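To start, the structure under review is shown below, and the notes come after it.
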Amino acid sequence: MSIDRRDFLKVATAGAGLALTATPATASAESAPGPRRAPFVRSGQIPDAVVVGAGAFGAWTALNLQRGGMKVTLLDQYGPANSKAASGGETRGVRSSYGDREQGLQWAGWAIRSMQKWREWDAEHADALLPRLYYETGDIIMRPEMEPSMQRSMANWDVLGHPYEVLTPDEVRYRWPMIHTPDVAAVLYEPAAGVVRARRAIESVARVFEQEGGDIRIVKAAHGDVDGRTLRNVHLSNGERLEAGMFVYATGAWFHLFLPDLLGRRYSARAVGHVYYFATPAGDESYRWPNCPSYSVPGCTGWPALPDDSRGFRIRTGGDRSNDPDTSIRWVPEDRHARPREILSKYFPALADSIINETRACHYCSTVSRNFLIDTHPELDNVWLAGGGQAEAFKQGPVLGEYIAGRIFGTETDQELNDSFRLLQAEFDEGEQDFDVDF
């Protein structure tokens, strides 16, 4: 998406005028306000837009705003793909089986588009020697019986024309002899699903953003000075006040701390997942891509080791709870290692006694609606909020970035879709924030 410079300046001028004459809104955050434009500036070194947070939401949005004609500064207190970020882990799966979600059809469509965009990214940047990001593994869901969510996923795929297979346990063992199916009766297979190297992906997006003229600054930002319905700046930890015409807050697991009055009860990042990478047997390619699919069994997801560094065979289970991403423990203590070994002993028994190469832990960011949050600040016309995703946002990052930029530029006009991402007035009940992610 890009717009002509003259058209961009027309939009910018119109937006500034609207923002300067805006009156305080009387509608609630759940009402459906008309489109609002915010001021842009083009003066010296002042950016048109400042994006706070260089994770999946922020990095992709910054890149697409830059490509749309804006001058963009991207801020992150630890830097893109840092170890504390939810998008900073080694790998993330990409699948479109969202039959368990009210918005499952829409998410499935975006996930399928994202799979293609990950492939296109690899092809586009191969000559620049950026590392390969996407590996098509296929994904199998194995359950004791056919569940309603699996049936809804198939219905969504039928609508979208996306290929899938219903397998028997015998077919699973024939295709992938390393997989055991002791209590499996229902299997759903999505051939196009895959795995993305997450940390490298955000690093790659950040590099391209800079190469195309974007500015990245590693500094902590705080909500700044307000003039009516306009945010004038963000306050930086070095004492600077950074001005811009537009601000995008995409602070991930820090959102409820960044805007506590607004999001303290509407946004949760308390759930922490545990990830393990198990060593695969030397000389045995069974557990490495492309010989083993990604998988989902009750309480666990995972996928094969990827070339060429082979971090290991990945398995994720439920983890701890923490409200502070700055101080939460990001390695998994040994007393939590029994659960993944139990799962391996049932479905991948040859790996049950393998060495654990690495452990990771990351926060999952949730909204009350269990959908993405993509909306303007209810009190500020030039501030956009982008977050949530319930552990699924990274997978759809290439599409999310385009969509958020389109919302800002006013080219995304599907009102029903736009309304589905609004900030709701509803809040989490006491204790509900501890249990809003399904592991």
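The values are calculated or read from the model by the stated rules, or taken from the named source; none is laboratory data. Quick caveat, the model's predicted, so the values are computed rather than measured. Heads up, the Cβs are rebuilt from the backbone with ideal geometry, glycines too, and the neighbour counts pull from every protein chain shown.
Could you look through segment 92-106, keep only residues that are over 12 Å from the mean Cα position of the chain (by Cα) and under 23 Å from Thr317 (Cα atoms), and pick out the one that is surrounded by the most Cβ atoms within 10 Å (Cβ to Cβ)?
Taking segment 92-106 and keeping what is over 12 Å from the mean Cα position of the chain (by Cα), we get 95-106.
Pick out the ones that are also under 23 Å from Thr317 (Cα atoms) and you get 95-101, 104.
Values: Arg95: 24, Ser96: 28, Ser97: 26, Tyr98: 21, Gly99: 21, Asp100: 14, Arg101: 20, Gly104: 19.
Ranking the candidates gives Ser96 first.
Hey, among Cys300, Cys292, which residue is touching a Lys or Arg at 6+ places or on another chain (Cβ under 8 Å), closer than 25 Å to Met150 by Cβ and either surrounded by 20 or more Cβ atoms within 10 Å (Cβ to Cβ) or not hydroxyl-bearing (Ser, Thr, Tyr) (or both)? Quick ask: steps written out before the conclusion?
Numbers: Cys292 fails: touching a Lys or Arg at 6+ places or on another chain (Cβ under 8 Å).
The match here is Cys300.
Hey, among the residues in segment 83-94 that are assigned to a loop (DSSP other than H, G, I, E, B) and over 13 Å from Ala253 (Cα atoms), which one's modelled with the highest pLDDT? Spell out how you get there, then give the answer.
So the first thing to find is which residues in segment 83-94 are assigned to a loop (DSSP other than H, G, I, E, B), and the list is 83-85, 89-90.
If we keep only those that are over 13 Å from Ala253 (Cα atoms) as well, we get 89-90.
Working: Gly89: 90, Glu90: 93.
If we take residues in segment 83-94 being assigned to a loop (DSSP other than H, G, I, E, B) and over 13 Å from Ala253 (Cα atoms), then Glu90 is modelled with the highest pLDDT.
How about segment 116-153: which of its residues are among the aliphatic types (A, V, I, L, M), farther than 30 Å from Pro307 by Cα and crowded, with 17+ Cβ neighbours inside 10 Å? Spell out how you get there, then give the answer.
Filtering segment 116-153 down to residues among the aliphatic types (A, V, I, L, M) leaves 123, 126, 128-130, 133, 140-142, 146, 150.
Now narrow it down to the ones that are farther than 30 Å from Pro307 by Cα: 146, 150.
Answer for segment 116-153, where residues must be among the aliphatic types (A, V, I, L, M), farther than 30 Å from Pro307 by Cα and crowded, with 17+ Cβ neighbours inside 10 Å: just Met150.
Mind telling me which of the residues Phe439, Phe421, Phe409, Phe428 ends up being at pLDDT 95 or above, within 26 Å of Gly89 (Cβ to Cβ) and among the aromatic types (Phe, Trp, Tyr)? So that I can check it myself, show each step before the final result.
Numbers: Phe439 fails: at pLDDT 95 or above; Phe409 fails: within 26 Å of Gly89 (Cβ to Cβ); Phe428 fails: at pLDDT 95 or above.
Selected residue: Phe421, the only one of Phe439, Phe421, Phe409, Phe428 that is at pLDDT 95 or above, within 26 Å of Gly89 (Cβ to Cβ) and among the aromatic types (Phe, Trp, Tyr).
State yes or no: is Trp254 surrounded by fewer than 20 Cβ atoms within 10 Å (Cβ to Cβ) and either part of a loop (DSSP other than H, G, I, E, B) or not assigned by TED's automatic domain parsing to the domain that holds Ser354 (or both)? Before the answer, list the steps.
Values: surrounded by fewer than 20 Cβ atoms within 10 Å (Cβ to Cβ): no; either part of a loop (DSSP other than H, G, I, E, B) or not assigned by TED's automatic domain parsing to the domain that holds Ser354 (or both): yes.
No.
Ala54 - would you say it is of a type outside the set (Val, Ile, Thr), under 14 Å from the mean Cα position of the chain (by Cα), closer than 30 Å to Leu236 by Cβ and in a loop (DSSP other than H, G, I, E, B)?
Numbers: of a type outside the set (Val, Ile, Thr): yes; under 14 Å from the mean Cα position of the chain (by Cα): yes; closer than 30 Å to Leu236 by Cβ: yes; in a loop (DSSP other than H, G, I, E, B): yes.
Taking the combined requirement at face value, the residue satisfies it.
Hey, any hits in segment 274-282 for a residue that's within 30 Å of Thr73 (Cα to Cα) and assigned to a loop (DSSP other than H, G, I, E, B)?
To start, the set of residues in segment 274-282 that are within 30 Å of Thr73 (Cα to Cα) comprises none.
Taking every residue of segment 274-282 in turn, none turns out to be within 30 Å of Thr73 (Cα to Cα) and assigned to a loop (DSSP other than H, G, I, E, B).
Does Ala14 satisfy being of a type in the set (A, V, I, L, M, F, W, C), outside any strand (DSSP E or B) and modelled with pLDDT under 95? So that I can check it myself, show each step before the final result.
Working: of a type in the set (A, V, I, L, M, F, W, C): yes; outside any strand (DSSP E or B): yes; modelled with pLDDT under 95: yes.
Here the answer is yes, as Ala14 does meet what is asked.
Conditions (1) farther than 30 Å from Gly79 by Cα; (2) part of a strand (DSSP E or B), marked per residue:
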position: His180; (1), (2): yes, no
position: Val195; (1), (2): no, yes
position: Glu203; (1), (2): no, no
position: Arg207; (1), (2): no, no
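A quick yes/no check of all residues on (1) assigned to a loop (DSSP other than H, G, I, E, B); (2) over 30 Å from His223 (Cα atoms); (3) modelled with pLDDT of 95 or more; (4) not assigned by TED's automatic domain parsing to the domain that holds Ala253:
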{"residue": "Trp60", "(1), (2), (3), (4)": "no, no, yes, no"}
{"residue": "Gly69", "(1), (2), (3), (4)": "yes, no, yes, no"}
{"residue": "Gly79", "(1), (2), (3), (4)": "yes, no, yes, no"}
{"residue": "Ser96", "(1), (2), (3), (4)": "yes, yes, yes, yes"}
{"residue": "Trp107", "(1), (2), (3), (4)": "no, yes, yes, yes"}
{"residue": "Trp110", "(1), (2), (3), (4)": "no, yes, yes, yes"}
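Considering only residues that are buried (at least 16 other Cβ atoms within 10 Å of the Cβ) and more than 13 Å from Val52 (Cα to Cα), which ones fall in segment 211-231?
Gly214, Arg229, Thr230, Leu231
Can you name the number of the only condition in (1) of a type in the set (A, V, I, L, M, F, W, C); (2) under 20 Å from Ser328 (Cβ atoms); (3) outside the structural domain of Phe421 (by TED's automatic domain parsing) that Leu259 fails?
With respect to (1) of a type in the set (A, V, I, L, M, F, W, C); (2) under 20 Å from Ser328 (Cβ atoms); (3) outside the structural domain of Phe421 (by TED's automatic domain parsing), Leu259 is out only on (3).
Among the residues of segment 218-251, what is the count of those that are without any contact (Cβ under 8 Å) to a residue 24 or more places away in the chain and on the phi > 0 side of the Ramachandran plot? Walk me through how you get there before you give the answer.
We begin by selecting, within segment 218-251, every residue without any contact (Cβ under 8 Å) to a residue 24 or more places away in the chain; these are 224-225, 227, 232-233, 235, 238-241.
If we keep only those that are on the phi > 0 side of the Ramachandran plot too, we end up with 239.
Here the count works out to 1.
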